[in-house]
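Heads up: the structure comes next, in structure tokens.
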Amino acid sequence: MSDGTETERTFAALPPARGHGFAQTWWGRRWLKALEDTALDSEQLKKGRRQAREGAVGAVSVRPGRITAVVRDRDGTGQRGDVLLQELSEAEWDRFLDMAVDRAGHIAALLDREMPPHLVEDAAEAGVELLPGIGDLEPECSCGAWDLCPHTAALCYQVARLLDQDPFVLLLMRGRGERRLLDELQARSAARAVVDEPEQSVEGMWADEAFAARDVLPPLPSPPPLPDSPGRPQALGTETAPAPGVDAQALEFLAADAAARARRMLIEALSPGHRHQPVEPGLTTDQDAVRLAAAGPGTAIAARLAAGTDRQRAELDLAARAWLTGGAAALSVLEEEWTPDRETQARARALLAESWEAPDRPQLRAAGGARWTVVGADAQLRLSPDGRWWPYRKSRGRWTPSGPPAQDPAAALAELAGEAD
Ligand SMILES: [Zn+2]
């Protein structure tokens, strides 16, 4: 109904109002309060409210300083009612725009068709009254009444509904259409950016404004969409060398790792039946360093991780390889020896005896702790305290983690055979 460039806006007649009152917003109520405080005769108000509720107010024209509509009486005759409101002077607009250009949040709220209380307060501080007060609404009507009549009252009630939907209606009455107002703000903002530091001309929204705007914000999508891939962090490499001790490459790597973990947590949190199990239980610094090494961070970062965890580079590579087969548990199987108690030993031996049919059963030799080496093959099975079997293969003289664990030793060893294929 309006492209915002003109100085007059016309709003089609609204259907009869149902249920709730005429003003839902705080600024709409302030508008009605000005009307009601001004009226000398509350009977006129009542009649006007009834006429507005019945849909007797025709199209409303809003112009600087004036609102107008034809209001139909019950006998079918119409009266032209006008309500006048003082326009702001050039000097007042100048102060208002100066204030608003400093408050990005105010304008953002207005564009959301919301009038933040702070906008009105800040304007008042700048000596600009936006909302009408007592005596500010001046009625004129073709019915000849010298004061408020039902027609002009009905018009004011109807305009409260329009104000609810769009606070720019008030600013137009005060003298500026939306487009002109935004153009002037932009011009001022651009002029100011030349002189000021850019961050000084931008300010956020007050918490109470954000809170007040909560009802006009669209609801969050439910469930929130999952990103297809983790976000890519900012590249930190610049022509300027970083400060001493700052490793830009390592920071980029850590930021990428954080993004990937955040996405995994999101997936976990959104999966049905999720019970707030952490993606990874709390890791020690050493475990976390191995986890990072397993992500393949490149030579320089891997060297730092090795030094930081007191490992040779080859040891760190082995640890990272273990990590990929089963996280912290796998790392412990690689680097820590444990001795099962007598009962666990017996159960393990029984399981090793039962897991294969006689002709396929490999010859196993206890290698100390919870490890069994396959005789005649560079293969080993390791038992972890949680009862899982981990396949190992000898490679370049080192026992190397070679696959995910299994509850069944034969299945774990089959993993090795599969790898050999
Ligand atoms: Zn009248």
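Structural remarks
- Packing-based exposure ordering (other Cβ within 10 Å, fewest first) of S229, S384: S229, S384
- Each residue of segment 94-110 is assigned a 3J(HN,Hα), and the resulting list reads 4, 5, 4, 5, 4, 5, 5, 5, 7, 10, 4, x, 4, 5, 4, 5, 4 Hz, derived from the Karplus form 6.51 cos²θ - 1.76 cosθ + 1.60 (θ = phi - 60°), x at Gly and Pro.
- Counted without the sites themselves, the longest stretch of the chain free of GluC sites (Glu not before Pro) in a DSSP loop having at most 15 other beta carbon atoms within 10 Å is 240-335.
- Potential lengthening between A377 and D288 on full extension [0.36 nm per residue; Cα-Cα distance subtracted]: 28.7 nm
- Euclidean distance between Cα centres, segment 79-144 to segment 379-421, Å: 77 Å
- Charge dipole of the chain (Cα centre as origin; +1 on each Lys and Arg Cβ, -1 on each Asp and Glu Cβ, all else neutral): 1620 debye, rounded to the nearest 20.
- Exposure proxy ranking, count of Cβ atoms within 10 Å, fewest first, for T25, T7: T7, T25
- Efficiency of FRET from Cβ geometry, Q407 and A126, R₀ 51 Å, rounded to 0.05: 0.10
- Sorted from greatest to least, the principal axis extents spanned by the alpha carbons of the chain come out as 115, 53, 35 Å.
- Each residue in M265, M115 was given a count of other beta-carbon atoms within 10 angstrom of its own, and listing them fewest first yields M265, M115.
- Report summary: the helix-based calculation at 222 nm, which adds -39500 (n - 2.57) for every DSSP H run with n ≥ 4 and divides by the residues of the chain, gives -14500 deg cm²/dmol.
- In a DSSP loop and with at most 14 other Cβ atoms within 10 Å, the chymotrypsin sites (Phe, Trp or Tyr not before Pro) in segment 91-175 are W146.
- Dipole size of segment 18-96 about its Cα centre, with +1 on Lys/Arg Cβ and -1 on Asp/Glu Cβ: approximately 480 debye, rounded to the nearest 20.
Only the coordinates and a few stated rules stand behind these numbers; no lab work does. Keep in mind it's a predicted model, so treat the numbers as computed, not measured. Counting neighbours? That spans all protein chains shown, and the Cβs are built from the backbone with ideal geometry, glycine included.
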